[in-house]
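First comes the structure, then the notes that go with it.
Quick note: the coordinates plus some simple rules give every number you see, no bench work behind them. From a predicted model like this one, the values you see are computed outputs, not experimental measurements. We place every Cβ from the backbone using ideal geometry, glycine too, and count neighbours over all the protein chains shown.
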Amino acid sequence: MKALPTRVTPAPKTKQDNRVLSGSVLENASGLLDAEAARSRKGNEPRRRGTIAAPVFRVSNKQVKDFLVFINGEQRAGAKVRMRLADLKMEDTEAYGRAVVKGVLGVAGRETRAGCANAA
């Protein structure tokens, strides 16, 4: 039996922005979001191993984008395309964590004692 020839199709060319540093925070964040989008279930698809629900993807997407906006604001405009993951300092992540907590508590409109939301 003779094998049928298969047609080889090249991978689609991706548009690469030369201003984005290879290994930058933006490149890593984009890769993470692409991977999360690929494993996100659409609509009422049944649960499968390794997939996430659409609302979970939306939350992850918002968190990543909020972090990029924060980094850009803290480190000057364009930082997300210049900074590599190794350039992030613990102070950056702690400052982001404080901003998130402050935002969450501010949105909730709760007054807290000693910085604890559950303090009575």
Highest first, please rank the peptides 35-48, 63-76, 82-95 by the mean number of other Cβ atoms sitting within 10 Å of their residues.
63-76, 82-95, 35-48
Between ALA86 and ILE52, what is 0.36 nm times their sequence separation minus the Cα-Cα distance? Round to one decimal in nm.
9.4 nm
Measuring from label point to label point, each 7 Å out along Cα→Cβ, what is the SER30 to VAL101 span in nm?
3.4 nm
Cross-link partners of LYS62 among aspartates and glutamates (Cα-Cα below 14 Å; sequence separation of 8 or more within a chain)
ASP34, GLU36
Provide the FRET efficiency to the nearest 0.05 for the SER22-LYS62 pair, computing r from the beta carbons and using R0 = 25 Å.
0.45
With r defined as the distance between the Cβ atoms of GLU94 and GLU45 and R0 fixed at 35 Å, what FRET efficiency is calculated, to the nearest 0.05?
0.40
